[in-house]
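The values are calculated or read from the model by the stated rules, or taken from the named source; none is laboratory data. Computed from a predicted structure; not experimentally measured. Cβ atoms come from the backbone with ideal geometry, glycine included; neighbour counts cover every protein chain shown. For accessibility, only protein heavy atoms count, side chains too; no ligands or nucleic acids. Shrake-Rupley method; radii C 1.70, N 1.55, O 1.52, S 1.80 Å.
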Amino acid sequence: MEGYENFTIVTEKEQFYLKAIEQKFAKDIFNELTDEITYYMYPSTPQKIEETEQFIDESIEKNRIGRQIQMVILSKENDEFLGCAGLHKMNTPTPELGVWVKKSAQGNGYGKKAMEVLKRRADKNLNYKYIIYPFDTDNIASRKVAEYLGGRYADEYYSQNMDGTYSYVLEYRIFPKSG
């Protein structure tokens, strides 16, 4: 299976590009993955930079063996770090999309468009049944992303987050592009 540890996706029409996660982004991720950002997310806010570095190491390995594409979102204009986007569990019939955008970059469509780019990548390169896009029921931005991608409501349930709290999750399923 193709590895994604040195992978970059650039599209002409977007103001950002996606680059495979690297340790050089540890400080940006650590500083921007705040309590406000993680409020609706499974991951908890890292308390030490070493937690972020461990996440990056694990992501690089999963990228290398082709189990996921964990990327950072960077501005084309100045390479500013904007957030993270990933297509996970690529070795299953039901991969999962996930994204977060730093507070100062929210509201610009980066998350939605990054998910669209990864969805197109999945359509082109994976044989999947559907992509799972789970999100906290109160996370309106994530609901908009799922609906933008053509996702359909499939399930809802409680899920325990890394910090021990629970979220009430809506699960949308995004099906392969036909044709």
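Where only DSSP H runs of four or more residues are counted, the chain gives -8500 deg cm²/dmol as its mean residue ellipticity at 222 nm, each run worth -39500 (n - 2.57). The 3J(HN,Hα) values that the Karplus relation (6.51, -1.76, 1.60; θ = phi - 60°) gives for segment 11-28 are, in residue order, 10, 5, 7, 8, 8, 9, 9, 10, 10, 4, 4, 9, 4, 5, 9, 4, 5, 4 Hz. Gly and Pro appear as x.
First check a/c for the chain, with a ≥ b ≥ c the square roots of the eigenvalues of its C-alpha gyration tensor; if it is under 1.5, answer rounded, and if not, answer prolate when a/b is larger than b/c or oblate otherwise. Judged from the Cα gyration tensor, the chain comes out rounded (a/c under 1.5). Along segment 105-113 the Karplus relation, 6.51 cos²θ - 1.76 cosθ + 1.60 evaluated at θ = phi - 60°, assigns HN-Hα couplings of 10, 5, x, 9, x, 4, x, 4, 6 Hz to successive residues, with x for each Gly and Pro. Sorting 110-117, 138-145 by average packing, meaning the other beta carbons within 10 Å per residue, from highest down gives 110-117, 138-145. In segment 63-148, with Lys and Arg counted as +1 and Asp and Glu as -1 at Cβ, which of these residues, 122, 98, 87, has the Cα nearest the positive end of the dipole, that is, farthest along it? Result: 122, furthest along the dipole toward the positive end.
Cross-link pairs exceeding 23 Å in C-alpha to C-alpha distance, out of 13/112; 24/76; 24/177; 24/129; 89/177; 62/129, comprise 24/177; 24/129.
Could you check which residue among 135, 16, 25 shows the biggest mean-square fluctuation in a GNM of the chain with a 10 Å Cα cutoff? Looking only at 135, 16, 25, the largest GNM fluctuation is found for 25.
A cut-off of 5 Å between modelled amide H atoms, ignoring neighbours fewer than 5 places along the same chain, links residue 5 with 64.
Expressed as a whole percentage, what fraction of the accessible surface of the chain belongs to carbon and sulfur atoms when a 1.4 Å probe is rolled over the protein heavy atoms? Display every interim value, and only then the final one.
Details: 4480 of 9930 Å².
Of all accessible area on the chain, carbon and sulfur atoms account for 45 percent.
Segment 1-47 and segment 102-179 have Cα centres separated by 16 Å. Couplings 3J(HN,Hα) for segment 59-70, derived from phi with the Karplus relation 6.51 cos²θ - 1.76 cosθ + 1.60 (θ = phi - 60°), are 5, 4, 5, 5, 4, 4, 8, x, 7, 7, 10, 9 Hz, where x marks Gly and Pro. Would you work out if segment 1-91 is rounded, prolate or oblate? Take a ≥ b ≥ c from the square roots of the eigenvalues of the alpha-carbon gyration tensor; rounded if a/c is under 1.5, else prolate when a/b is larger than b/c, oblate otherwise. Note, shape of segment 1-91 comes out oblate.
Using the 1.4 Å probe convention, the accessible area of segment 1-149 works out to 53 Å² per residue with neighbouring protein chains retained.
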